[in-house]
Structures are given as structure tokens and as C-alpha cells.
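Data first, discussion second: the structure below is written as C-alpha cells.
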Amino acid sequence: MYKLLLVSDKEEIRNLYSGFSDWENLGFERPTVAPDAQSGIERLKSSRFDAVSCLLSVSEGKQFFAYLSHRPEMLGMETARDEKKLRREISCARRTLSSRDASRQMKQLDDLTRAMQGEFFCDLLRGAAYDREKIDERMLSLGMNSIDPKRPVAMASFRLPQGDYFLDEVWRYGRERLENALKNIFENGDGRMYFVLLIINPHHMRLLGLPRVPMTVQEVSDQMSSHLARCQTSLDEFFELSLSIKRIVPYESLYALGRENALRTAH
């Protein structure tokens, strides 16, 4: 059920909303009613509402809308003067709120899916020994249609020589926020490549580059080199950090990376 706040100094409006009987059938709890601007502001501060409907005198309205301007997330619902219009406005508000909720749920699902996709590739960067069947199964379950595991990939190993000093002496926002900042830099591709960063510690990081379009092994390797150069520019500009690349290793496919990890694990 959605929650509505009515703020009105008009008694007939308050009586209309209080006496309306179909709130629950239309997806709303019976509304909370405030008789003036200050009462409405206090209720908004103390309770959660999904929508607000307001009809006030000029002076009261200025006070209330001044406060409401700082709550842009609040859905404004037009105040009705009769039951027919009230029913129409409630139905319209419910559709808007339902659509907003669906969008939020979809975004949360998308964020969770992206996190799971990143974790799958980080497993490979950590050395997980996945065979072809396992890779296909995981990518299918994660909906990764834009990434073809048969295409070449490249893995880069590098470090930030000043990383510990920067984290302990310069950066004041915590390790997690620094890691998020680094991910924003290294995982921001150009649309042709998908990048995943694994931060082991400031002295050991790995970056996986996967093409979204057909490429040769050499093209993927060149794309990784160009991308790291762009990342170095961003690191220098925003953090005054330098990048020390240990190696860039191309693979003929994601399957080949999984096979190498399996051989390494076996030995």
C-alpha cells in the first residue's frame, strides 16, 4: 500500500479525503491529513510518504512548497475537489508509483547482475580453473550475450608503486572508496571492450579485457595497451599515481585462460 499526505487548510477538502472509502481498493492507505503547512512539514520529517497532495492559502502554500522543493523524490498529486476526480488522481498516482517501483527494482536487479558478472571474471583472474562447460553455463546464467568466450582476451598484471603511501598518507576516504575509484577508471572502456579489475593489493592488480566485437589476438592486446595508457593519464590527473605494468598476456579465448588456470592449479 502506498502512503499519501494531504496538506490543506480547506475543511471541505480534508473532509472529502477523509470520507473517501476506496483508498485500499486503489492501492493506498487512508491518507494522513495535515491542516496547515507546518503540520505537513512535521509529518514529512517524521514519517515516510510516497505522495503528497496540497491545497493551501497563498502564505501557507509558500511555506510548504519552500520545504517541498528540497524533497524532489516526493510525487506531487493534484488535489481533487470531488470524488470522481479524486478517484482519477489516485489511479494516476498509483500507476506512476508502480512504474517507479518497477524501474527501481529493475535497476537493483541490473546492479546485482553486473556485480555477479564482475565476480565471475574476478574468479578467473584469481586463478579459478573453469572448463568450457562451466564458463558457458556461468555466462548463460548471467545473461552475458555481448561477450563471446570464443573471442581472444587479454590479461594485464600491474601495480601502483606508491599505493601504500597514497592510501595511508594521502587518501582520507578509506580503502573501499579508493578501490571503487580505481574500478571507475580501469573498468570504463570505450564500448568495444569490457574490462574487469581485480585488486589484490596496491602491489598486485589484474585487469581482464574482453572484446564486445570480433577482434584478433593482436587487436585485443593492442586495445589493452591503449586502455592502460588512458588509465595512466587518469591516475596521474586525479591521484598523481603512476602505473607499473608487469605484463600483458593475450589468450586465444576465454576458454584458453580457464585451461591455463586449470594447468597451473594441477601443478
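The values are calculated or read from the model by the stated rules, or taken from the named source; none is laboratory data. Quick caveat, the model's predicted, so the values are computed rather than measured. Glycine also receives a Cβ, built like all others from the backbone with ideal geometry; neighbour counts cover every protein chain displayed.
Restricting the search to region 124-156, which residues are surrounded by fewer than 16 Cβ atoms within 10 Å (Cβ to Cβ), modelled with pLDDT of 90 or more and under 19 Å from Leu198 (Cβ atoms)? Of everything in region 124-156, just one residue is surrounded by fewer than 16 Cβ atoms within 10 Å (Cβ to Cβ), modelled with pLDDT of 90 or more and under 19 Å from Leu198 (Cβ atoms), namely Lys134. When region 65-85 is limited to residues that are touching a helix residue (DSSP H, G or I) at 6+ places or on another chain (Cβ under 8 Å) and among the hydroxyl-bearing types (Ser, Thr, Tyr), the one that is farthest from Glu12 (Cα to Cα) turns out to be Tyr67.
Suppose we filter region 243-267 for residues that are buried (at least 17 other Cβ atoms within 10 Å of the Cβ), at pLDDT below 90 and of a type in the set (S, T, N, Q); how many remain? Final tally of qualifying residues: 1. Of these, Leu97, Leu86, Leu140, which one is in a helix (DSSP H, G or I) and outside the structural domain of Asp22 (by TED's automatic domain parsing)? Only one candidate passes the filter, namely Leu140. As for region 59-68, it holds at least one residue that is modelled with pLDDT of 90 or more and either buried (at least 19 other Cβ atoms within 10 Å of the Cβ) or among the polar types (S, T, N, Q) (or both).
Select from region 86-96 the residues that are of a type in the set (D, E, K, R) and under 13 Å from Ser53 (Cα atoms) and list them in ascending order. Can you show your working first?
First pass over region 86-96, keeping only residues of a type in the set (D, E, K, R): 87-89, 94-95.
Result: Glu89, single match.
Among the residues of region 1-22, those identified as surrounded by fewer than 18 Cβ atoms within 10 Å (Cβ to Cβ) and either out of contact with any Asp or Glu (no Cβ under 7 Å at 6 or more places or on another chain) or among the aromatic types (Phe, Trp, Tyr) (or both) are Lys10, Glu11, Glu12, Asn15, Ser18, Gly19, Phe20, Ser21, Asp22.
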